[in-house]
1. In terms of the ratio Rg/(2.2 N^0.38 Å) built on C-alpha atoms, what value belongs to the stretch 32-73?
2. Sorted by accessible area (1.4 Å probe), largest first, how do Met59, Met166 line up?
3. Out of all DSSP beta bridges in the chain, what portion is antiparallel? Express it as a percent rounded to 5.
4. State, as an integer percentage, the relative contact order of the stretch 46-158 based on alpha-carbon contacts under 8 Å between residues 6 or more apart.
5. Between Ser20 and Val120, what is the spin-label point distance in nm, taking each point 7 Å from the Cα along the Cα→C-beta axis?
6. Over its Cα atoms, what ratio of radius of gyration to 2.2 N^0.38 Å does the stretch 1-72 give?
7. How high is the relative contact order of the stretch 93-214, in percent, with contacts defined as C-alpha pairs under 8 Å that are six or more residues apart?
8. Under 8 Å for C-alpha pairs, at least 6 residues apart: give me the relative contact order for the chain, rounded to a whole percent.
Amino acid sequence: MAERNKRVVVFDYGFGNIRSAERALARAGAEVEITRDYDAAMNADGLLVPGVGAFAACMAGLRRARGDWVVERRLAGGRPVLGICVGMQILFGRGIEHGVEAEGLAEWPGTVGPLKADVVPHMGWNTVEAPADSKLFAGLSADARYYFVHSYAVREWELTATNPAMPAPKVTWATHGERFVAAVENGPLWATQFHPEKSGDAGARLLANWIDTL
């Protein structure tokens, strides 16, 4: 495996399994710092935005920590950002939980809503359907399993390509009761609904794939 020595900031805004993310990124070869410091977050090779809990609460916490500004500015400069779990969900336009609607970062259009399945939350290991040319899932088999814990999801991908010169986003799907977005690769912005930091060797390989692109 290639030597990385890439610096990754795990953005600490009060939501997310930051210690497990730190350990997993270090295992995958990154130099990791947990902080909400603006300059550190802006200057890192990669920024990881974790997230657990409610969509609205995560968004409020992110805004208090100026994380919305950090994500926007990094992406404007083509600097890589990885969102995990609710850290992925808040990248969409809005979230609806218990009838309460909250605005997201709107990097992608779409709505995070209740997952319709016989058993909710979707908790445990599941496979995904990744595009053949995915960089995030490179080297991972189709039967690799990833760890999910969520009751809400994006069930429709709404972003349509408007510039034929720009590569279309790569969208990975999973199924639990219904099909939902499990991961996205879109220029410098990547995200996963599952927890790679809790997904064993498959999650470690996935994080290493991301670090290799930084």
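1. Working: Rg = 10.4 Å, N = 42, 2.2 N^0.38 = 9.1 Å.
This ratio for the stretch 32-73 stands at 1.14.
2. Details: Met59 0, Met166 120 Å².
Final ranking, largest accessible area leading: Met166, Met59.
3. On the way: 25 of 43 bridges.
Of all bridge pairs located within the chain, approximately 60 percent are antiparallel.
4. Working: 181 pairs, mean separation 26.5, N = 113.
Rounded, it is 23 percent for the stretch 46-158.
5. 2.2 nm
6. Working: Rg = 12.3 Å, N = 72, 2.2 N^0.38 = 11.2 Å.
Normalised Cα radius of gyration, the stretch 1-72: 1.10.
7. Numbers: 219 pairs, mean separation 30.3, N = 122.
RCO, the stretch 93-214: 25 percent.
8. Numbers: 470 pairs, mean separation 44.9, N = 214.
Relative contact order comes out at 21 percent.
The values are calculated or read from the model by the stated rules, or taken from the named source; none is laboratory data. Keep in mind the model is a prediction, meaning the values are calculated, not measured. With ideal geometry, Cβ positions are generated from the backbone for all residues, glycine too; neighbour counts draw on all protein chains shown. Surface areas here come from the heavy atoms of the whole protein model, side chains and all, with no ligands, DNA or RNA. Shrake-Rupley method; radii C 1.70, N 1.55, O 1.52, S 1.80 Å.
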